[in-house]
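Written out below as structure tokens is the structure these notes cover.
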Amino acid sequence: MLKISLFDFFNSSLNPFFLFGGFSMENQSIYKRMTYSERKVADVLKRLGIRWSFEQPVFVWDENDRPRVWTPDFFLLHFGIYVEVCGSHSFDYRYRQKILTRNGYSVIFLHVYKESSRWKHHLVKYLRFFSNYRNKKLTELLCSKRDDT
């Protein structure tokens, strides 16, 4: 019988919710569930060396303060940023963006289906934006704490 701690389970490939981009694309179990656009994003993340998990659940409060669990398409592990691959003209992604932002999640929305030549640039641009923003906030926090001592 295999014994494994909960921490090890949730941080390993044994957990069916997680797949890290460094693993082989041969793992069909996760890629069969992805849309064509999600597979394109997964391939780009892999080529960039960005580790990710697929459809990691997040807890949010909606506009009526009701609890919800959503699953953005990708969570970029080293960045702490989510990526939502938009795949429909009819779905209101602005609502999803508003709720996720209100709940403190950093999310990049990629419209792969309608921005075929620009979505990769958009991804890198917003990775830089969120990283710079967090670095600035961290610097401000550390400087204010240093002034307090």
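We did not get these values from a lab; they are worked out from the coordinates using the rules stated. Please read these numbers as outputs of a predicted model, since none were measured by experiment. Neighbour counts run over all protein chains shown; Cβ positions are idealised from the backbone, glycine included.
With the cut-off at 1.5 for a/c, could you classify segment 48-123 from its C-alpha gyration tensor as rounded, prolate or oblate? Oblate shape, in that a/c is at least 1.5 and b/c is the bigger or equal ratio. Residues whose amide H lies under 5 Å from that of Ile108, counting only those 5 or more places away or on a different chain, are Tyr82, Val83, Glu84; hydrogens are built 1.01 Å from N in the peptide plane. If the Kirkwood radius is taken over C-alpha pairs of segment 14-148, then at 25 °C and 0.890 mPa s the Stokes-Einstein diffusion coefficient equals 151 µm²/s. When peptides 118-128, 101-111, 74-84 are sorted by average Cβ neighbour count within 10 Å, with the highest value leading, the order is 74-84, 101-111, 118-128.
Less than 5 angstrom separates the built amide H of Arg51 from those of Leu77, His78, all sequence-distant by 5 or more or on a different chain. The charge dipole of segment 14-148, taken about its Cα centre with unit charges on the Cβ atoms of Lys, Arg (+1), Asp and Glu (-1) only, comes to about 380 debye. Of all lysines in the structure, the ones whose alpha carbon falls short of 25 Å from that of Lys137, not counting any fewer than 8 places away in one chain, are Lys98, Lys125, Lys145.
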